Amino acid sequence: MSAPLLPPVDGGLRLVVFDWDGTLMDSPLRIVHCLQRAAAVVGLEVRDAAALRNIIGLGVDAAVRELYPEADARLVHRFATAYRLCYLEGDDAPPTPLYPGVAPLLDWLEARGVLLAVATSKSRRGLDQALETTGLGARFVATATGDEHPSKPHPAMLEHVMERAGVERTRTRMVGDSVYDLQMARHAGVPAVAVTHGVHSSDRLRAEAPLGLPADLEALLEIFRQAECATE
Ligand SMILES: [Mg+2]
């Protein structure tokens, strides 16, 4: 079965903005583990993995408010602190490899002069650590993090990286694994593609009407290739 074609980009594709967790990095298991650990540390009910995967993609503070509406600001702060400690330093938390196909995808885009950026709900410290351990930091012309901007689905992060890259929305594409990425893109007026190897199901993502719904990054590269062939 052939992948669906992406519609042609007027003027040519110039910027691709990636979500990080669940899109480029296989980190949802570690995130679930640390959300459960943080709940136990601050004395809140520990939710099951399905409930937690539902809210992954929001910033930590927004996720806690969604899961525990009764939590006050102090408790949200304590939870977020415990979560970040577990995520950044927890030796017993699951590892976070990159998904297969990251390097060929980024190489292919860069070879065509496409700029790359990240818009993530991670903290700045968390993203910087991830960029350093993966060696991908130099690839991205702009990055935006959840502690420096309003939580997705607010469009601020995406607008920030487009401005930094100097690229208009019509020549930008967003790639994410959660409905919050797709909603952020819609609010920013940016067409988006959803990968289905992350936290949200194909059905849930499809309801947000992404341009494409590839299963993984290798399939995403294939639809970029097909789109290029179609415009030649
Ligand atoms: Mg994600």
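The values are calculated or read from the model by the stated rules, or taken from the named source; none is laboratory data. All values reported here derive from a predicted model rather than from experimental measurement. We place every Cβ from the backbone using ideal geometry, glycine too, and count neighbours over all the protein chains shown. We work out accessible area using only protein heavy atoms, side chains counted, and drop any ligands, DNA or RNA first. Shrake-Rupley method; radii C 1.70, N 1.55, O 1.52, S 1.80 Å.
A full extension of the chain between Ala156 and Arg206 corresponds to an added length of 15.7 nm, given 0.36 nm per residue minus the alpha carbon distance. Mean separation of Cα pairs under 8 Å and 6 or more residues apart, divided by the residue count, gives region 31-133 a relative contact order of 31 percent. Compute the angle between helix 156-165 and the longest alpha-carbon principal axis of the chain, please, reported from 0 to 90 degrees and rounded to the nearest 10. So the helix axis and the longest Cα principal axis differ by about 40 degrees.
Computed from the C-beta positions of Thr81 and Arg164 and an R0 of 25 Å, the FRET efficiency is 0.30 to the nearest 0.05. Placing R0 at 45 angstrom, the Cβ-Cβ distance between Ala230 and Glu89 gives a FRET efficiency of 0.45 after rounding to 0.05. Kirkwood-type hydrodynamic radius, the chain: 17.9 Å, calculated from all non-identical alpha-carbon pairs.
Highest average first, the peptides 86-96, 189-199, 159-169 ordered by how many other beta carbon atoms sit within 10 Å of their residues are 189-199, 159-169, 86-96. Candidates Trp20, Val190, Val41 compared by Cα position along the dipole of the chain: farthest toward the positive end lies Val190, with charges placed on Cβ.
What a 1.4 Å probe finds exposed on region 28-89 is 54% carbon and sulfur by accessible area, rounded to a whole percent.
Relative to one another, the C-alpha centroids of region 122-175 and region 45-66 are positioned 21 Å apart. Applying 1/(1 + (r/R0)^6) with R0 = 35 Å to the Cβ-Cβ distance of Arg47 and Ala215 gives a FRET efficiency near 0.80.
Taken about its Cα centre, the chain carries a charge dipole of about 320 debye when Lys and Arg each add +1 at the Cβ and Asp and Glu each add -1 at the Cβ.
Taking a ≥ b ≥ c as the square roots of the eigenvalues of the alpha carbon gyration tensor, region 28-89 is rounded, as a/c is under 1.5. Pairs of Cα atoms nearer than 8 Å and 6+ residues apart set the relative contact order; for the chain it is 29 percent.
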